[in-house]
Amino acid sequence: MGLAKSSIQTIRDKKEDIKTYLQSAALLNISRLTRQRNWIMEKMEKLLIIWIEDNNKRKIPMSKMTIQEKALGIFENLKKGDTNESEDVTFQASRGWFEKFKNRFNLHNLKLKGEAASADEAASNEYPNILKGIIERVSLIAKEASQN
């Protein structure tokens, strides 16, 4: 084997320690197993990616909220169509799910339009009157300038 007698003797003496180590290492590997995702989630994400690609080809702007709402809609439709154990399967199109979804489907270049900020309703109601006043003042100044 090309090993010194002392090395072989050390391995033989530590046989039980080596076995214990290997068993604990095997348990660590088992604990890294991932849980299998429900088929409804898999199908929903595949249908969603087709919808996103179609919208991108048509140059239809999408927001994160639009995609999340579409995901929920697809999920609910698939869940209604399933007669098996899907009643206990839940889905929330959360920000965390969305980020993982983008990573799973390599959507790093996904162009999303921003959400509209909430408008100041009072200011938007007053603006037509303010604009009218500005226009009247500008026309008055223009009249005065033309008379001089």
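No lab work stands behind these numbers, since they all come straight from the coordinates. The structure displayed is predicted, hence computed values, not measured ones. Cβ sites come from the backbone with ideal geometry, for glycine too, and all protein chains shown count toward neighbours.
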Given charges at beta-carbon only (K, R positive; D, E negative), |dipole| of the chain in Debye:
920
Folded to 0 to 90 degrees: helix 39-57 orientation relative to the chain principal axis, Cα:
40
Largest to smallest principal axis extent of the C-alpha atoms in the chain, angstrom
116, 49, 31
List the residues, sorted by chain then number, that are 5 or more residues from Met62 or on another chain and whose placed amide H is less than 5 Å from its amide H.
Lys113
Helix 121-147 against the longest principal axis of the chain: what's the angle in degrees, Cα atoms only, rounded to the nearest 10?
40
Which lysines, if any, have their Cα less than 23 Å from the Cα of Lys80, not counting same-chain residues under 8 positions apart?
Lys43, Lys46, Lys70
Asserting the computed 222 nm helical MRE of the chain (DSSP H runs at least 4 long, -39500 (n - 2.57) per run, divided by residue count, to nearest 500) equals -22500 deg cm²/dmol
Give me the lysines in straight-line cross-link reach of Lys15: C-alpha distance below 16 Å, same-chain residues under 8 apart excluded.
Lys5
Exposed trypsin sites (Lys or Arg not before Pro) being those in a DSSP loop with at most 12 other Cβ atoms within 10 Å, the longest stretch of the chain free of them is 60-110
